[in-house]
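Have a look at the structure below, then the notes.
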């Protein structure tokens with residue numbers, strides 16, 4: 001099963017953030033994940049496969065047994081590079 005996001009939404013699968021390679025963000029509700037889906041109106045430099053940090057304005061769905069976090073692209077606070 002797959003989904004096609006519409007609008008300015010991205011779909012992310014969460015990753016553990018206790019690794020020292022991730023940013024330490026002040027709000028405990030911020031977390032990190034890998035982008036799996038990008039909506040048709042996202043006009044930023046986001047790409048599938050990037051690891052990003054995001055805030056707490058999100059919802060969650062299950063797709064093919066995976067929990068996918070959905071949010072607007074403006075809720076992404078950082079892209080992990082390098």
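FRET efficiency for residue 3 and residue 74, Cβ-Cβ distance as r, R0 = 22 Å, nearest 0.05? After rounding, the FRET efficiency stands at 0.65. Counting beta carbons within 10 Å around each of 34, 69, 60 and listing the fewest first gives the order 60, 34, 69. Cut-off 13 Å, label point 7 angstrom out along Cα-to-Cβ of residue 15: give me the residues of region 62-82 whose amide nitrogen falls inside. Within reach of a label on residue 15: 79-82. Computed extension length for residue 40-residue 66: 7.2 nm, one decimal, from 0.36 nm per residue of separation with the Cα-Cα distance subtracted.
Sort region 29-82 into rounded, prolate or oblate with this rule: let a ≥ b ≥ c be the square roots of the eigenvalues of the Cα gyration tensor; rounded if a/c is under 1.5, and if a/c is not under 1.5, prolate when a/b is larger than b/c, oblate otherwise. Taking the square roots of the gyration eigenvalues as a ≥ b ≥ c, region 29-82 is rounded.
Here, each number is a calculation from the coordinates, and none is a lab measurement. What you see is a predicted model; the values in this text were computed from it and never measured. Ideal geometry is used to build each Cβ from the backbone, glycine not excepted, and the neighbour counts take in all protein chains shown.
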